[in-house]
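For reference, the structure discussed in these notes is given below.
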Amino acid sequence: MTPLISLPASYLFLDGIVCGLLLATLSFLLKEVFRYANHKSLPMTQQIINYGALAVLFVLCWVGISLLVLNILLPEGTINFFFPTIPIRILIALLVYGLLISLYRSVFIKEQEQGEDVNIEVESEEILNLESHEETVTAEKAPEDELLEHVAVKNGQKIDLIFINEIISIQAEGDYVMIFTSKGKYLKEQTMKYFADHLPKNKFVRVHRSNIINIDYIQRIELYEKQNQVLKLHNNLQVKMSLAGYKELKKVLNL
């Protein structure tokens with residue numbers, strides 16, 4: 001800054017310290033933003049808008065706060081000598097921001113991809129453990145080969161009869177399950193294991209530890225994230241699939 005400012009070296013040294021401390025603080029905050037951001041689920045246009053907004057905020061904070069601090073610490077009127085340096089300060093801030101963006105993206109996107117691979121393995125193990133636990137604690141004594149034709153559900157003082165071909169999906173709700181149909185949804189005190197064992201396996205697939213779907217109501221399968229798919233069902237229902245559930249669905253659909 002010496003060619004642009006005719007001030008003592010001590011003032012310029014103070015300027016460097018203030019800018020350095022601000023850069024360290026802003027870099028840390030930017031790192032935390034990137035740590036918890038989902039970098040791959042947003043469209044590219046939205047990502048560009050987000051990065052642009054962060055760039056404006058980064059530049060305003062770095063340049064604006066540094067000049068404000070200098071105005072407080074230095075003698076009155078000295079800040080006027082720093083105004084000609086504003087354009088180069090903005091340029092430096094943008095360059096630093098670009099370097100930080102490239103660094104954080106490469107680090108955290110790689111970490112997210114590694115985390116997804118670990119989550120897939122953990123989820124598969126959880127499904128096996130959950131099924132083993134359900135086999136131990138389930139109270140249902142009906143034989144394995146007895147298939148359901150309908151499900152009776154209490155609805156106030158009435159009992160609704162849901163036929164199997166009306167069921168779109170079944171979702172775990174603690175010790176209950178939520179049965180979704182084209183007519184509405186019904187809460188039933190039953191386990192997922194019971195329905196997995198007593199529904200026709202050529203029609204109903206357990207695509208996730210907490211979801212069973214009727215393949216007759218599948219509209220399409222969409223990619224959610226790397227190796228993760230989402231089922232679009234009738235009535236605008238969306239169901240996320242595990243890797244093991246996706247493999248089972250492909251087997252039933254002969255894909």
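The values are calculated or read from the model by the stated rules, or taken from the named source; none is laboratory data. Here the structure is a predicted model, which means the values were calculated and not measured. Glycine also receives a Cβ, built like all others from the backbone with ideal geometry; neighbour counts cover every protein chain displayed. Areas reflect the complete protein model, heavy atoms only, side chains present, ligands, DNA and RNA absent. Shrake-Rupley method; radii C 1.70, N 1.55, O 1.52, S 1.80 Å.
Some notes on this structure:
- Of the candidates ASN235, ASN202, the single residue that is in a helix (DSSP H, G or I) and surrounded by fewer than 19 Cβ atoms within 10 Å (Cβ to Cβ) is ASN235.
- If the condition is being in a loop (DSSP other than H, G, I, E, B) and either closer than 19 Å to LEU68 by Cβ or modelled with pLDDT under 75 (or both), then the stretch 1-24 contributes MET1, THR2, PRO3, LEU4, ILE5, LEU7.
- Filter result for ASN211 (open to solvent by 30 Å² or more (accessible area, probe 1.4 Å) and in contact (Cβ under 8 Å) with a residue 40 or more places away in the chain): no
- Picking from residues in the stretch 58-90 that are among the polar types (S, T, N, Q) and surrounded by 12 or more Cβ atoms within 10 Å (Cβ to Cβ), the one that is nearest to the chain's Cα centre (by Cα) is SER66.
- Flag not set for TYR194, criterion: in contact with a His (Cβ under 6 Å, 6 or more places away or on another chain), surrounded by 14 or more Cβ atoms within 10 Å (Cβ to Cβ) and among the hydroxyl-bearing types (Ser, Thr, Tyr).
- Residue that is modelled with the highest pLDDT [pool: residues in the stretch 132-175 that are open to solvent by less than 90 Å² (accessible area, probe 1.4 Å) and among the hydroxyl-bearing types (Ser, Thr, Tyr)]: SER169
- Of the residues making up the stretch 180-194, one or more are within 21 Å of LYS247 (Cα to Cα) and of a type in the set (A, V, I, L, M).
- Single residue of the stretch 25-40 satisfying the filter (open to solvent by 60 Å² or more (accessible area, probe 1.4 Å) and either farther than 18 Å from GLY98 by Cβ or modelled with pLDDT of 85 or more (or both)) that is nearest to the chain's Cα centre (by Cα): ASN38
- Within the stretch 39-89, the residues that satisfy the criterion of being part of a loop (DSSP other than H, G, I, E, B) and not aliphatic (A, V, I, L, M) are HIS39, LYS40, SER41, PRO43, PRO75, GLU76, GLY77.
- Subset of the stretch 207-232 that is of a type in the set (Val, Ile, Thr) and part of a strand (DSSP E or B) - its residue that is farthest from GLU173 (Cα to Cα): ILE221
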